[in-house]
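Asks: So that we are looking at the same thing, I have put the structure below in structure tokens.
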Amino acid sequence: MDVHGPALFHTPSGILEGVGTSRSKRCISELQGLFVDEAARQALDPAQVVYEVYMHNACEEVEGGLFFGVSHVYPGKVGAEYFMTKGHFHAKKGHGEYYWGIDGAGLLVLMNEQRASWTEPIFPGSLHYIPGCVAHRLVNTGARILKVGACWPADAGHDYASIQQAGFSVRVIERDGRAELVQAVRPPDHC
Ligand code: F6R
Ligand code: ZN
């Protein structure tokens, strides 16, 4: 890959454009098994966007390289559960990542390999270091699009299968108008 010239990172819109950038989106229709209430997911518009990721790929997936991305998680819920990303461990388990809040409000859900989970609040200016061997997921608990920057080693890769099989040990739901963390009652089927 041969990328020349600066790309553009607009803030607070969180939009990346120009050379080396791309954009992908995840819609409700693609996220079967991710949310606990599958019937509620099926009742939603299949084309509803749950999240988008803007990427800047200035190198291949090489040791020593870095990737940069901005995730936009839309506001919304499937049943009582807030819109969220799939979440993953890195395929190279020891590789960490930085996240930082750009706009909106939400939670970073973290889980180690022993399935102990914890969260950090995300808000404009919040900075989050995700150590290696820790799965990570963004949850939008606010009314605006949650926009979060990320930078990670280009050779980290993504292990979605572990989450697909066992899920996170906690879920984030709305109860009485507030975000609440609950123990996950069952792993998702697939997503
Ligand atoms: C990269 C990273 C983020 C996520 C993005 C979408 O390592 O953590 O850029 O890839 O928030 O989430 P997933 O990849 O879980 O669908
Ligand atoms: Zn990651």
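The values are calculated or read from the model by the stated rules, or taken from the named source; none is laboratory data. Fair warning: this is a prediction, and the values are worked out from it, not measured in the lab. Note that we place each Cβ from the backbone using ideal geometry, even for glycine, and neighbour counts take in every protein chain shown.
Asks: Listed residues 89, 83, 9, 35; which is modelled with pLDDT of 95 or more and within 13 Å of ligand 2 (Cβ to nearest atom)?
Replies: Selected residue: 89, the only one of 89, 83, 9, 35 that is modelled with pLDDT of 95 or more and within 13 Å of ligand 2 (Cβ to nearest atom).
Asks: Is one or more of the residues making up the range 93-108 assigned to a helix (DSSP H, G or I) and surrounded by 14 or more Cβ atoms within 10 Å (Cβ to Cβ)?
Replies: no
Asks: While we're here: Which is touching a strand residue (DSSP E or B) at 6+ places or on another chain (Cβ under 8 Å), more than 21 Å from residue 26 (Cβ to Cβ) and either small (Gly, Ala, Ser) or modelled with pLDDT under 95 (or both), of 142, 101, 94, 125?
Replies: From the options 142, 101, 94, 125, the qualifying one is 125.
Asks: Among the residues of the range 122-160, write down those that are more than 11 Å from ligand 1 (Cβ to nearest atom) and of a type in the set (Phe, Trp, Tyr).
Replies: 123, 129
To keep it simple, each residue is scored yes or no on (1) within 16 Å of ligand 2 (Cβ to nearest atom); (2) under 17 Å from residue 74 (Cβ atoms).
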residue	(1), (2)
105	no, yes
115	no, no
118	no, no
122	yes, yes
125	no, no
128	yes, no
139	yes, yes
143	no, yes
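Asks: More than 16 Å from residue 151 (Cβ to Cβ), in contact with a Phe, Trp or Tyr (Cβ under 9 Å, 6 or more places away or on another chain) and acidic (Asp, Glu) - does that describe any residue in the range 24-47?
Replies: no
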